[in-house]
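Heads up, the thing below is written out as structure tokens.
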Amino acid sequence: MPRSLYCLALVLFLVACHQSPEKMVNASGKTTTAALGSDSRKNNQAALPPEDLQEVLIRNPPGLDSFYLHDHLGAPFTLERLKGKWNFLVFGYTNCPDICPTTLAEMDDFKALMPEGKLKNDTQVLFVTLDPKRDTKSELKQYLGYFNKGFLGITGSVEDIHRFCTPLDIEFSYEKLSKEVYGVNHSSAVVLIDPELRYFARFNVPIYAEELFKQYKKIIDYQKTL
Amino acid sequence: MSLYRQLSVAVALLTFSLTGMAAELQVEHAWIREAPPNAKMLAGYFTLTNHGKKDKILVGASSSAFEKVEMHQTMEKNKMAHMQQQSKLTLSAGKSLEFKPGGLHLMLIHPLNPIKAGQSHEIHLKFSDQSEMTVNFKVTKHSGDTPQQHMHDNAMHEHNEMKHQHDH
């Protein structure tokens, strides 16, 4: 290639590198800004999460849309209350004999593995009821208080709960078991929302506290590189 | 043979056959997970092994500690976990049935009194041949109370596995 053309190509390349910040579009269609230069190296590192996390991390984690629910004390529960915390969402209902109590017991063990301090304070475990009709606020308070006094129950109308769950790939439906009794079929995964309000990771049951804790620490480190 | 002797022989045979039947079925690690005081549904788990030569069919269970006991299997359908009631479970000769979290479990419906860790409750297993087996379920917070308990259960399980292979 003639030397002048080579020089032109080099100049054009250098000019391109100094363009204004590149816009990226994430999974939900929202635009975010990423500066180039040293940050582009950072983004390249972040593009490859540790192999053992790839199964649980959500690719291009989407931001959450706003929602309107209540906690089990009656206070409004919106996006703001997830911000700045790592939020583990357990979905279920208090009449569940098997999966829900098993998962909640493990989540209590999981929290117990954390020493007192910032990590523990910044980790929230929330139980989103998929059966608001039977799971009244006082039922939720008593039920969750047994596992861990810090677990927060989240409730609302069935429609609002569906709206919250759907973007998190959580489905649920009611099934009549007898004339008076119905069961709730539901996705059993535990969802992790990061402090920047992104649907960040998903853990299939069974949950094991120690394994989850190891993954959690790695996830936090990985999230810092983004 | 005198009537008395006939009667004695009959009683001896009956006792022998009953204990023989009980010895064919072995239960290990029967436990109920302690649940919140307002929980209306609890779960019972255990491993049942059939050391006999005939298949046994489990058709139900009951307990004076609960209003009703049903057998259920947690299954995945349409990306959702749901519970499928089981009306009968075949326990083949020489095989085991494992009731464990996330799978088969006894659904213990409406405890009549608070269920607390440390208690033991009897659950009667019913089979299609009209036989019954009473099992003591221990209420615990976790599946293995202490590391020693867990090791003891593992040792028992290995012992039974060896016996199981020998019988086969």
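The values are calculated or read from the model by the stated rules, or taken from the named source; none is laboratory data. As the structure is a prediction and not an experimental result, all values here were calculated from the model. Backbone-built Cβ (ideal geometry, glycine too); neighbour counts: all protein chains shown. Heads up: the accessible areas ignore ligands, DNA and RNA and are worked out on the full protein's heavy atoms, side chains in. Shrake-Rupley method; radii C 1.70, N 1.55, O 1.52, S 1.80 Å.
Below is a table of values for the structure above.
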read-out: Distance from region B:102-117 to region A:48-125 (C-alpha centre basis), Å; value: 26 Å
read-out: Peptide-level mean, for A:90-99, of C-beta atoms on other protein chains within 10 Å; value: 6
read-out: For A:Y182, distant residues with modelled amide H under 5 Å away; value: A:L177
read-out: For region A:144-219, average projected area of the Cα convex hull in nm²; value: 7.0 nm²
read-out: 3J(HN,Hα) from dihedral phi, region A:77-87, Karplus parametrisation 6.51/-1.76/1.60, rounded to Hz, x for glycine, proline; value: 10, 10, 3, 3, 7, 9, 5, x, 10, 8, 10
read-out: Where labels lie 7 Å past Cα in the beta-carbon direction, separation of A:D52 and A:A112 in nm; value: 2.3 nm
read-out: Integer Hz, Karplus 6.51/-1.76/1.60 couplings in order for region A:138-149, x for Gly and Pro; value: 6, 4, 5, 4, 5, 4, 6, x, 5, 6, 6, 5
read-out: Per residue accessible area of region A:102-160, 1.4 Å probe, in Å²; value: 42 Å²
read-out: Table column - 3J(HN,Hα) (Hz), region A:64-69, Karplus curve with 6.51, -1.76, 1.60, x for Gly and Pro; value: 7, 7, 5, 8, 9, 10
read-out: Protein accessible surface hidden between A and B, which excludes ligands and nucleic acids, total in Å², probe 1.4 Å; value: 2100 Å²
read-out: Accessible surface of region A:118-197 [probe 1.4 Å, protein heavy atoms]: carbon and sulfur percent; value: 52 percent
read-out: Highest-first arrangement of B:110-123, B:30-43, B:90-103, where packing means the average Cβ count within 10 Å; value: B:30-43, B:90-103, B:110-123
read-out: List of region A:183-203 residues, accessible area with partners at least 10 Å² below that of the chain alone (1.4 Å probe); value: A:N185, A:H186, A:S187, A:S188
read-out: Approximate spin-label separation B:D129-B:Q73, in nm, with each point projected 7 Å along Cα-to-Cβ; value: 2.3 nm
read-out: Dipole of region A:139-202, positive end: most advanced residue of A:A189, A:H162, A:L140 [Cβ charges, Cα centre]; value: A:L140
read-out: Two-site label geometry, A:A75 and A:R59: point separation in nm, points 7 Å out along Cα→Cβ; value: 3.9 nm
read-out: Calculated FRET efficiency for the pair B:K54/B:A117, C-beta based, R₀ 41 Å, to 0.05; value: 0.65
read-out: Average partner coverage of A:101-108, which counts Cβ from other chains inside 10 Å; value: 4
